[in-house]
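Student: I am attaching a structure below and will ask some questions about it afterwards.
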Amino acid sequence: MVDAKIRIRQLSYSYGGAEALREINLDVPANAVTAFFGPSGGGKTTLLRLINRLNDLVEGTRMQGTILLDGENIYAPGVDVPRLRRRVGMVFALPLPLPGTVRENVVCGPRLAGIRDWGRLEEILERSLAQAALWNEVKDRLDDPAVALSGGQQQRLCIARSLALEPEVLLLDEPTSGLDPISTAKVEESLFELKQQYTIVIVPHSVQQAARVADYAAFFLMGDLVEVQEGTRIFTTPQDPRTEDYVTGRFG
Amino acid sequence: MDSRFHQELEQLRVTILKMANLTEKAVENAFRALWERDVQLADAIIARDHEIDQLEMEIDRIILRLLALDQPMARDLRFLVGCMRISSDLERIADQAVSIAHRARYLSTRPALPKDPALRDLTETSLDMLHVTLSCFANLNVDQAMDVCLMDDAVDELNLLTLKNLMDYMIHEAPAIERGVQAIITARCMERVADHCTNIAESVVFIVRGVNIKHHCEPFQ
Ligand SMILES: Nc1ncnc2c1ncn2[C@@H]1O[C@H](COP(=O)(O)OP(=O)(O)O)[C@@H](O)[C@H]1O
Ligand SMILES: [Mg+2]
């Protein structure tokens, strides 16, 4: 794999006694969409949360191994965690717009990060909404309450909110699980644009979505990384019989 | 597997086997009509070809529906794509049987050409090849696919030998030219049957192994 943005080495993780991830080794390439897929409980969400240290406050857990972002261990002592989370944005399954208008949702992050210049904030607003494939739909509704948008628009608004912080990596955990097919298609389309600039990791909501969006696909099963392949190979000619059984719907 | 989708895949397999069975009968009968100079049998083959065409269309419909509704993956996807190719090869094999039936009809009403052992071998080898091919598909047996590919070379050679024998004969027997040409076309039809058998064997390898061995029948893993 060329130019890995994130390198995961010998990563094991457990909640109390229960192992959620076992000796994961995986490179996530820059400027591509990498999909983590597999039956629920496989450890996909856990791995995403570990990549931007969202699990730091969960008690009774145990982690071994390393996660490197641009070659640097994100769990090394002295790492600035808020800064890490600006570099690595996360979008969750359920759209969670903040109270307030569409505009406020997008610019509150940059404002908290210290950007005060009005023109600069407007620029960020338009760029982020455009990258999330939402600008055309909301450019005349910027001062409407965010909750007045449709579910699909709210989810793209959440993506725009992450993009406003100019992250390098975008983590998306089943971002379209509650959306209708048209909104889903729009979110997927925006991924094609976004990967030109960002490193994207997505947990898709179906195997079909994984096949549509992934440049690299990794199959997780009960804490193990079973198989990683480039392109659609894992969906046409998987190498491991467990992957084959899962993608053909024989279990899971 | 008992999901609706996998039941329908099994149904598709059964329908293709039915089409394969009818095609095999058509070829067997065409060869018999030729060698036994049986005009009635030849007519029966021509009359029943539409049944095979109907099955091909039904198979296309099933496959399109499964592709659209179930968006299959991996082996299931390869099975559907492979079946689409295989049913089209079967349909063309059946067309060759019809063409042979037409030649058999003509030749049966004219004085017999001398018995040519090369044409006899060609008939038997291409028929054997068809049997092995259909069993290769029915059992998705990759080893048999290899056998089919090897038999294709023998068929090509027998076709050339038949052609040469018939040309030699026609050079000396001008009145036999028309019959000779019909016999040459017959041999060519047999060779086409063998080519489609090779395609089917390649599709079986694609379904089972996911590798494309088209146009190079080399040993594969
Ligand atoms: N906060 C938590 N506390 C305890 N166990 C958890 C927690 N989060 C996840 N797990 C367990 O870790 C395993 C992996 O879960 P998760 O990462 O959510 O998988 P996935 O996203 O692939 O469905 C599951 O067995 C789940 O029950
Ligand atoms: Mg999850």
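Just so you know, all these numbers are worked out from the coordinates, no wet-lab data involved. A quick note: this is a predicted structure, and the numbers were derived from the prediction, not measured. Ideal geometry is used to build each Cβ from the backbone, glycine not excepted, and the neighbour counts take in all protein chains shown.
Student: For the charge dipole of chain B, defined by +1 on Lys and Arg C-beta atoms and -1 on Asp and Glu C-beta atoms about the Cα centroid, which residue among B:194, B:74, B:15 has the Cα displaced farthest towards the positive pole?
Tutor: Working it through, the farthest residue towards the positive pole turns out to be B:15.
Student: Work out the length of the dipole vector of segment A:1-75 about its Cα centre, built from +1 on the beta-carbon of each Lys and Arg and -1 on the beta-carbon of each Asp and Glu, and round it to the nearest 20 debye. Please report the intermediate quantities before stating the final value.
Tutor: Details: 8 positive and 8 negative charges, 26 e Å.
Rounded to the nearest 20 debye, it is 120 debye.
Student: Is the protein assembly as shown best put as rounded, prolate or oblate by its Cα gyration tensor, with a ≥ b ≥ c the root eigenvalues, rounded for a/c under 1.5, and otherwise prolate when a/b is larger than b/c, oblate when not?
Tutor: Values: a/c = 3.49, a/b = 2.77, b/c = 1.26.
Cα axes put the protein assembly as shown in the prolate bin.
Student: At a Cα cut-off below 22 Å, give the lysines reachable from residue A:139, other chains included and same-chain residues fewer than 8 away excluded.
Tutor: Cross-link targets: A:186.
Student: Select from A:32, A:217, A:18 the residue whose mean-square fluctuation is largest in a Gaussian network model of chain A (Cα-Cα springs shorter than 10 Å).
Tutor: Highest fluctuation among the options: A:18.
Student: Using the Cα centre of chain B as origin and beta-carbon charges of +1 (Lys, Arg) and -1 (Asp, Glu), tell me which of B:96, B:46, B:3 is placed farthest towards the positive end of the dipole.
Tutor: Positive-end residue among those listed: B:46.
Student: So if I place +1 on the C-beta of Lys and Arg and -1 on the C-beta of Asp and Glu, and nothing else carries charge, what would the dipole magnitude of the protein assembly as shown be about its Cα centre? I want it in debye, nearest 20. Intermediate results must be reported in sequence, preceding the final value.
Tutor: On the way: 51 positive and 69 negative charges, 248 e Å.
The calculated dipole for the protein assembly as shown is roughly 1200 debye.
Student: Could you work out how far the C-alpha centroid of segment A:33-87 sits from that of segment A:170-190, in angstrom?
Tutor: Measuring centre to centre over Cα atoms gives 22 Å.
Student: Right, next: Separation of segment B:150-181 and segment B:33-68 by C-alpha centroid, Å?
Tutor: If we compute the Cα centre of each part, the gap is 28 Å.
Student: Can you give the net charge of the other residues whose Cβ lies under 10 Å from the Cβ of residue B:131, counting K and R as +1 and D and E as -1?
Tutor: On the way: positive: none; negative: B:24, B:28, B:128.
Local charge sum for residue B:131: -3.
Student: Of B:154, B:172, B:127, which is farthest on the positive side of the dipole of segment B:107-212, counting Cα position, with +1 on Lys and Arg Cβ, -1 on Asp and Glu Cβ, and the Cα centre as origin?
Tutor: Checking the options against the dipole of segment B:107-212, the answer is B:172.
Student: Rounded, prolate or oblate, given the Cα gyration tensor of segment B:2-209, with a/c below 1.5 counting as rounded? Write out the running numbers ahead of the final one.
Tutor: On the way: a/c = 3.22, a/b = 2.00, b/c = 1.61.
The shape class here is prolate.
Student: Within 10 Å of each residue's Cβ, count the other Cβ atoms and sort A:14, B:126, A:190 from fewest upward.
Tutor: Details: A:14 17, B:126 28, A:190 20.
Neighbour counts put them in this order, fewest first: A:14, A:190, B:126.
Student: Please identify, among A:63, A:90, A:222, the residue showing maximal mean-square fluctuation in a Gaussian network model of chain A using a 10 angstrom Cα cutoff.
Tutor: A:63
Student: Could you work out how far the C-alpha centroid of segment A:228-248 sits from that of segment B:103-121, in angstrom?
Tutor: 53
Student: Can you give the relative contact order of chain A as a percent, counting alpha carbon pairs under 8 Å and 6+ residues apart? If you can, show how the numbers build up before the last one.
Tutor: On the way: 475 pairs, mean separation 68.6, N = 252.
The normalised contact order for chain A reaches 27 percent.
Student: Among B:14, B:204, B:193, determine the one that fluctuates most according to a GNM of chain B built with springs between C-alpha atoms less than 10 Å apart.
Tutor: Answer for the Gaussian network model of chain B: B:14.
Student: Taking 8 Å as the Cα distance limit and 6 or more residues as the minimum spacing, I'd like the relative contact order of segment B:2-209 as a percentage.
Tutor: Values: 247 pairs, mean separation 57.7, N = 208.
Relative CO of segment B:2-209 lands at 28 percent.
Student: Still on this structure, please answer the following. Non-local amide H neighbours of residue A:90 (under 5 Å, H modeled in plane, Pro and chain starts lacking H): which ones?
Tutor: Here A:171 satisfy the definition.
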